[in-house]
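The values are calculated or read from the model by the stated rules, or taken from the named source; none is laboratory data. Keep in mind that this is a model prediction, so the values were computed, not measured. Here the Cβ positions follow ideal geometry from the backbone for every residue, glycine too, while neighbour counts run over all protein chains shown.
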Amino acid sequence: MNFIWFLAHQKTWIPVVHHTVRTTQRTMYSRSEIDLMPTGIERPAMTRSTRKITLSKIMAPAVVVALALPVGTAFAAQPHGVHTSAVKTDGSASYLVGSGMYDITGAAAETGMFGYAASQEVDGLHMRLYSRAFVVADQKSGKRVAMVTTDMGAMFPSITSAVVAKLQKKFGDKYTSQNVLIAATHTHVGNSGMSGDRLYQVAGADSTSAGYDKKNFDTVVNGIVESISRAHTNLAPGTVQRSEGELKGATRNRSLPAHRANKNPGNEVDSSMTQLEFRRSNGQAVGVLNWFAIHPTSFSRKFTKLSGDNKGYASYMFEKQMGADPSKAGSFVAAFANSAVGDVVPAQGNAHSAPGYGGSSDEYHNTQVAGEAQLGKARQLWQAQGAVQGGPVDFRSRHIDLRNYTVDAKYAGGKAVQLCKAARGFSFASGGENGPSKIPGMYEGMTRDSFSISDKVNKVDTSALGGLTRLAFAGISAVHQDKCHAEKPILLPTGAWKMVSSVVQVQLVRVGNTAVLALPVEPTTVASRRLQERVAAELAGTGVNRVVIAGVANGYNGYLATREEYAAQHYEGASTEFGPFEFAAFEQEAAGLASAMKRGVAVSDAASPAGSFTAKTPARPGVLFDSKPARQQFGQVLEQPSQSYTSGQVASAVFRAGHPKNDYRTMGSFLQVQRQEGGAWKTVRTDRDWDTTYAWKREGVAFSRASVQWRIPKGTPAGTYRLVQTGDWKNAQGGKISPYVGMSRPFAVR
């Protein structure tokens, strides 16, 4: 994340908003799963629950932020050969496997986005966002792990702690912070408002400076819990296979000078894809979970519709090709997780990348290109069927406090050191090379020794305006300069200002011959490689022959650069918050977890989990009521589609609408594309589909317009179609929320 701070304060009154969400849950267990249940846990029956979410009146200061974030890029890679490791297995390992997915979309209008930190305001929905979960249980030991990938910009301890608490109420001690791994894909066009840290609440603030959103928070927590519950319910005997392949040409390193400063930097990007494939014992496909390093920034900062970006595209297409139906609890699940994401972006860029990184002006095309590259490799690996995994399911996890954390001499160059109070450097404000902030006076490579107001040393921007900017920023943080941060001149003292928590979680899980190291940061290519090597060395002789890095997992604390990259103070190094030896601290923790796993000993937390909210920026006022012009009805068509279209064209209609915050329509849809078949209308698309878009617009105080757009793909059957918009409106008298449906006139696709 790249924040450019202009601080202002205001007081905002938030009215009370009531919203009721109903969910139906069904829980079933196989005989093998029942055998693994601890005593005292009853088999749940069909339940129906109603939850009322109330936003209370709040009065709090808000911090307004204007930011510019790195903009990513994308490229379609040619297929490459599949490389699968030879896995020795004694055949004695027996797993239960299950998968589940659930909607975590949240508010589809008038809320912030997390990723670019550019005060984006959501005004519609491109694709629904999901939590995708896999549970693997070892029938011999009874141990299990839940691995979750979410269509989110980041994961936060506030979410993980709430998820674990709900799981424990539901399943007892089966799921804890030790064996539940929750990661974000790092899409930059997902919903915000869920972090417990003020820094990230502000980073996800919308144009009104509202940052925290309890309804979005609850939607995400409940959706993750439901996805894990579905995976738990679907547990049945099965196999886990692992495939590995190279996806070259799809990504590029956006910070080459810092990368090349490393001793033995190696490849500029990690082009490997590691994939776990889950099947029932009878061969039935359960799902796939893969890791590939890429920034999901194919949609630019100008795009304001919720979307899973390139990884969301890949998941959607894989699931569609497998005939998946998210409404069914036992449906196939495809999760495209992230890895060494820190300095890696899509190769072809997005619509607003910097020169040399730019993509086409077509936002959807850029995203599809990057998504197709990942999809193609994943399908290739799936069809090849990887090596069967053998060995136990195991896990270790620790919460540590990075502030004043002591790194042993072994990991710190021969002398024990302590980490620093969190802070971001001046080059943090410059943005990455693929999406510079263009703030006068801000650029990458600003170190303590070379920094000056006049820029007389580096001579990158010696303009008067650049000098004034540096002077202004230096004045903000002058009293917080800290030699502990070595090469980093401090721009934003996030620790001193209590904007971030210093408590993080480091986790290591094992499924057979594969180990996954989960990190609450965006690790660079070399940082990830070194951590993989360290963990692999510690686990030597255990049967583990592949270590995967899961980035942006269980929390979010900026970037993780190596010591050499930190010294260069490019964007990633300036965003490594806890000083020059933060990487060494993570290396020490990773080695400790791996050693404990190998020796079969337990580990304990060194700090209490940072699951609570340290501060809350105010939420945006909810929907007071919906109104419409006289003689119009909700759902009335304001603009009809054309009479006919061909493939490649966009069919659209505009409707008089209610506010989408009235009901998120979780596991539902704000739109349908319907085809006439045998005198009846059949739904062929909803708002979860790649080629549809729901766009919302406010008119005046209480009027809303919603457009339904369908980008008609090649191969669409000729016939008669119509567009449908479904929503809910809130009555000014009494606040009753009622559904409505609007239907366009029929049109032909030729």
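Looking across Arg599, Arg620, one residue alone is crowded, with 23+ Cβ neighbours inside 10 Å and among the basic types (Lys, Arg). It is Arg620. Of Ala118, Ala133, Ala165, Ala137, all but one fail to be assigned by TED's automatic domain parsing to the domain that holds Thr304 and in a loop (DSSP other than H, G, I, E, B); the exception is Ala118.
Residue-wise test of (1) part of a loop (DSSP other than H, G, I, E, B); (2) over 21 Å from Val506 (Cα atoms).
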{"position": "Ala585", "(1), (2)": "no, no"}
{"position": "Val603", "(1), (2)": "yes, no"}
{"position": "Gly611", "(1), (2)": "yes, no"}
{"position": "Lys616", "(1), (2)": "yes, yes"}
{"position": "Gly622", "(1), (2)": "yes, yes"}
{"position": "Ser627", "(1), (2)": "yes, yes"}
{"position": "Pro641", "(1), (2)": "yes, yes"}
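Can you find, within segment 397-435, the residue that is farthest from Ala146 (Cα to Cα) among those that are charged (D, E, K, R), surrounded by fewer than 24 Cβ atoms within 10 Å (Cβ to Cβ) and under 30 Å from the mean Cα position of the chain (by Cα)? Across segment 397-435, the extreme among qualifying residues is Glu433. When restricted to residues that are within 21 Å of Asp197 (Cα to Cα), at pLDDT 95 or above and touching a Phe, Trp or Tyr at 6+ places or on another chain (Cβ under 7 Å), segment 579-619 contains 0.
For segment 210-287, the strands (runs of 3 or more DSSP E) that sit wholly inside it and include 2 or more residues that are of a type outside the set (A, V, I, L, M, F, W, C) and under 30 Å from Ala329 (Cα atoms) are 236-246, 272-280. Of Lys714, Lys697, Lys730, Lys682, which residue is free of Cβ contacts under 8 Å to residues at least 60 places away in the same chain, not assigned by TED's automatic domain parsing to the domain that holds Ser307 and not β-branched (Val, Ile, Thr)? The unique qualifying residue is Lys682. Any residue at all in segment 254-264 that's crowded, with 24+ Cβ neighbours inside 10 Å, out of contact with any helix residue (DSSP H, G or I) (no Cβ under 7 Å at 6 or more places or on another chain) and not small (Gly, Ala, Ser)? Within segment 254-264, one or more residues are crowded, with 24+ Cβ neighbours inside 10 Å, out of contact with any helix residue (DSSP H, G or I) (no Cβ under 7 Å at 6 or more places or on another chain) and not small (Gly, Ala, Ser). Cβ separations smaller than 8 Å between residues 6+ apart or across chains give no pair from segment 508-527 residues that are without any contact (Cβ under 8 Å) to a residue 60 or more places away in the chain and in the same structural domain as Thr176 (by TED's automatic domain parsing) to residues that are in a loop (DSSP other than H, G, I, E, B) and crowded, with 24+ Cβ neighbours inside 10 Å. Glu244 passes every criterion in (1) crowded, with 24+ Cβ neighbours inside 10 Å; (2) at pLDDT 95 or above; (3) at negative phi apart from (1).
Of all the criteria given as (1) under 26 Å from Gly196 (Cα atoms); (2) modelled with pLDDT of 95 or more; (3) outside any helix (DSSP H, G or I), the one not satisfied by Val548 is (1).
Looking only at segment 321-342, which residues are out of contact with any Pro (no Cβ under 9 Å at 6 or more places or on another chain), part of a loop (DSSP other than H, G, I, E, B) and either among the aliphatic types (A, V, I, L, M) or buried (at least 24 other Cβ atoms within 10 Å of the Cβ) (or both)? Scanning segment 321-342 gives Met322, Ala324, Ala329. Residues in segment 667-678: is at least one among the hydrophobic types (A, V, I, L, M, F, W, C), outside the structural domain of Phe156 (by TED's automatic domain parsing), within 27 Å of Ser207 (Cβ to Cβ) and surrounded by 18 or more Cβ atoms within 10 Å (Cβ to Cβ)? Yes: segment 667-678 contains one or more residues that are among the hydrophobic types (A, V, I, L, M, F, W, C), outside the structural domain of Phe156 (by TED's automatic domain parsing), within 27 Å of Ser207 (Cβ to Cβ) and surrounded by 18 or more Cβ atoms within 10 Å (Cβ to Cβ). Just one of the listed residues (Ala680, Ala653, Ala732) is under 30 Å from Ser315 (Cα atoms) and among the aliphatic types (A, V, I, L, M), and it is Ala653. Residue count for segment 498-546 satisfying the condition of being on the phi < 0 side of the Ramachandran plot, of a type outside the set (D, E, K, R) and more than 26 Å from the chain's Cα centre (by Cα): 8. Comparison of Gly359, Gly390 shows that the only residue that is over 21 Å from the mean Cα position of the chain (by Cα), surrounded by fewer than 24 Cβ atoms within 10 Å (Cβ to Cβ) and either of a type in the set (A, V, I, L, M, F, W, C) or in a loop (DSSP other than H, G, I, E, B) (or both) is Gly390.
Checking segment 547-565 against the condition returns no match, with no residue being small (Gly, Ala, Ser), over 29 Å from Ala165 (Cβ atoms) and over 25 Å from the mean Cα position of the chain (by Cα).
Note on segment 623-665: residues that are on the phi > 0 side of the Ramachandran plot, surrounded by fewer than 17 Cβ atoms within 10 Å (Cβ to Cβ) and in the same structural domain as Arg705 (by TED's automatic domain parsing) total 1. Of everything in segment 505-545 that is hydroxyl-bearing (Ser, Thr, Tyr) and part of a helix (DSSP H, G or I), the residue that is nearest to Ala387 (Cα to Cα) is Ser528. In segment 343-399, the residue that is farthest from Asn262 (Cα to Cα) out of those that are touching a Gly at 6+ places or on another chain (Cβ under 9 Å) and among the charged types (D, E, K, R) is Asp394. Out of Met147, Met127, Met113, one residue alone is under 13 Å from Val511 (Cα atoms), touching a Leu at 6+ places or on another chain (Cβ under 9 Å) and either aliphatic (A, V, I, L, M) or buried (at least 24 other Cβ atoms within 10 Å of the Cβ) (or both). It is Met147.
Yes or no, residue by residue, for (1) in a helix (DSSP H, G or I); (2) under 30 Å from Lys598 (Cα atoms); (3) among the hydrophobic types (A, V, I, L, M, F, W, C):
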{"site": "Pro355", "(1), (2), (3)": "no, no, no"}
{"site": "Ala370", "(1), (2), (3)": "yes, no, yes"}
{"site": "Lys377", "(1), (2), (3)": "yes, no, no"}
{"site": "Gln380", "(1), (2), (3)": "yes, no, no"}
{"site": "Asp394", "(1), (2), (3)": "no, yes, no"}
